[in-house]
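> This is the structure I have questions about; it appears just below.
The values are calculated or read from the model by the stated rules, or taken from the named source; none is laboratory data. In this text the structure is predicted, and so the values were computed from the model without any measurement. All Cβ positions, even for glycine, are placed from backbone atoms using ideal geometry, and neighbour counts span all protein chains on display. Note: areas computed on protein heavy atoms with side chains; ligands, DNA, RNA excluded. Shrake-Rupley method; radii C 1.70, N 1.55, O 1.52, S 1.80 Å.
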Amino acid sequence: MLNSLCFVGFSNPADNSFIKNYSLHTAGEKLVAQPSQYDKAIADAQKSLSLAQKNNSQAGKVQALTTLAKSYAAKNDFKQAYNYQVQLKNASDSANNNDKNSEVNSLRLKQQQEDNARLVNEIKIKEQSIAFSKKLFWIRNVLATIVVIFIIIIIRSNRQKTGLNKVLQKQNADIAAQKAEISKQKETLHRLNHTKDQLFSVISHDLRSPFAAILQAMDGMKTGYLSAEEQKEVMNAFYQQLSLVTMMVNNLLVWAGSQQTGNKTQLATIDAADVIDEIIAISNFLAKNKRIKLNHSPGKGSLVLADSNHLKIIFNNLIGNAIKFTPHGGTIEISYTDDVDYQAIHVKDNGIGILPQKMEKLFKVTGKDISGYGTNNEAGAGIGLGLIKQFVDANNGRIEVKSQPGEGAEFIVYLEKAG
């Protein structure tokens, strides 16, 4: 009878030391079988192994491989015993895996049966729910039909009211539009009347005096009683009065046109220094009569983005005002500074300055409330500063004023740099 086998002390089956360290042990018994019996056992086991492999029987494989391993070990053929022992281990592992797979399949089958039972129960519940939903559907349809009928009745009853409301809304909108148009026309008429009143006020007060002085000078010259020196003086006064009248008339025309049609600005790259040089050339006569020095320092950069006509009006008024309010022997400085975006043009005088109560009204009020007489009793229309602010804004610029009574005034115009 073959007993249990125990293999110890091997690592590489191809190593000869494996055979030396391979030993067979029994549980206190000696092997009594004959070699021929082992051969017969081996032949039968090999047939059993072949049959088990054909039938894919893991249990048969394990039993046949066990017999082969023991028989070869009993015959001291340890190499074959080892080979069959390895196959036995693999077959045993496969058999164990099959057992485990069978257990898993059994658990899955049980789980599937439980799931099927649960699904059957859920189907019953859903069938009951569907039956209830059908009843609820019919009840809801009946209620919906009643609601629709009720809504139709309400819509029909309110349709006439809605039509009347639309008619009333249209009438109200027409009335509001008419009121807005009337208000707009009224505002336009008020503005035109205000412009007309200011024009008549300037013509009746500010232009009448210069024209009277001019006529008086011409009458004196016609009589022939004036000496050559007196005629020269009269001509100088005549030129001064005519220059003032020309400036006021030009301002009046530009201002009146802007009030009625609005500003039309055409921006272009302009050298502000060239424009100011032209203005100084015209204003020098008035400045020399008062012995005023006009110092113009263009600096390195004076290119601005502005409307040429607007620029002339702005600095014609600023320089004219500076001459008007600067006493005999005074000085007017025109200089330039700049920053990243703007070119600043400074018109600074050492004249009589601006009173605090008038500083608050600058650029906000036109006419007599802001007008005043110069250091040589020069008259003004009171619209120059208004024009300046209007045209500076139209050219995307800004203006600042610094002044103290008796210490002169400085007007700074900021215009966008060109390029």
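> With θ set to phi - 60° and the Karplus curve 6.51 cos²θ - 1.76 cosθ + 1.60, what are the ³J(HN,Hα) couplings of region 42-51 in order, to the nearest whole Hz, using x for Gly and Pro?
Values per residue, Gly and Pro as x: 5, 5, 5, 5, 5, 4, 4, 5, 5, 5 Hz.
> Beyond a 28 Å Cα-Cα separation, which of these cross-linked pairs lie in this structure: Lys264/Lys290; Lys232/Lys290; Lys312/Lys417; Lys40/Lys100; Lys161/Lys186; Lys264/Lys417?
Beyond 28 Å: Lys264/Lys290; Lys40/Lys100; Lys161/Lys186.
> What percent of all Cα-Cα pairs in region 56-99 falls into each 5 Å bin, going from 0 up to the bin containing the maximum distance?
Pairs per bin, as whole percents: 6, 28, 30, 18, 11, 5, 2.
> Going by average Cβ neighbours within 10 Å, how do the peptides 114-127, 60-73 rank, with the highest at the top?
60-73, 114-127
> Could you tell me the distance between the Cα centroids of region 75-145 and region 313-352, to the nearest Å?
101 Å
> Moving to a separate point now. Roll a 1.4 Å probe over the protein chains and send me the accessible area per residue for region 77-163 in Å².
Per residue, region 77-163 has 85 Å² of solvent-accessible surface.
> Amide H neighbours of Ala418 under 5 Å, at least 5 residues apart or on other chains, H built in the peptide plane: list them.
Result for Ala418 returns Val304, Leu305.
> Return an integer: the convex hull volume of the alpha-carbon atoms of region 81-182, in Å³ per residue.
200 Å³
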